[in-house]
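FYI, it's all coordinate maths here, none of it is from the lab. What you see is a predicted model, and the numbers here were worked out from it, not measured in a lab. Cβ sites come from the backbone with ideal geometry, for glycine too, and all protein chains shown count toward neighbours.
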């Protein structure tokens, strides 16, 4: 009887040790995914700030070089980019892209201006990097969510709190029209 009790206790201890090892490995695996997510998120914010700054130059260029309505781009110029989320900034930049495209479509002289074309090239470079980083971020986010919610690592999420991340959506249709260098 003593050997059976000792064997039972030993078995319970081994199971507990095994579960602790799985828990630690799972936490480590999920935590490893946070680094690339955070880096990509920071890169996206930097690209959005660069794009916002460049949009200020583009919209000011349009206002200075075309006879347009006085209230053109008012929503854009009154926006405070320092106190917003990346999603809000993307929405504003998308709306401004539509407005800029209207002027590009209606004023051929913009496309003949070397300074404007230089701004478009800068925007093209920023947009390529932004789109690639958003795609990378969303792919890593899918892996992160899979680790948190599926398989043995999902057991770990019951014991530890992990940050929630949202996918980032970027409307590339209108920006593609704007950055087209033809």
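Centroid-to-centroid, using Cα positions, the range 111-140 and the range 13-85 are 15 Å apart. Among 13, 104, sorting on how many other beta-carbon atoms sit within 10 Å of each Cβ, with the fewest leading, yields 13, 104. Computed over the chain with a Gaussian network model linking Cα atoms closer than 10 Å, the most mobile of 89, 110, 66 is 66.
So what's the back-of-envelope 222 nm ellipticity for the chain, counting only DSSP H runs of four-plus at -39500 (n - 2.57) apiece and dividing by all residues, rounded to 500?
Calculated mean residue ellipticity at 222 nm is -27500 deg cm²/dmol.
The angle between the Cα long axis of helix 86-106 and the longest principal axis of the Cα atoms of the chain comes to about 30 degrees, rounded to the nearest 10. Here each label is just a point 7 Å from Cα along the line to Cβ, and for residue 64 and residue 87 those points are 3.6 nm apart. Counting only alpha carbon atoms, the long axis of helix 114-149 and the longest principal axis of the chain meet at about 20°.
Report note on the peptides 19-26, 118-125: ranked by the mean count of other C-beta atoms within 10 Å, highest first, their order is 118-125, 19-26.
GNM on the chain, alpha-carbon springs under 10 angstrom: the most fluctuating residue among 57, 164, 87 is 164.
Seen from all sides and averaged, what is the projected area of the convex hull of the Cα atoms in the chain, in nm²? Could you put the intermediate results ahead of the total?
On the way: hull surface 51.0 nm².
Seen from a random direction, the Cα hull of the chain projects 12.7 nm² on average.
The Cα atoms of the range 10-95 define a convex hull whose projected area, averaged across directions, is 7.6 nm².
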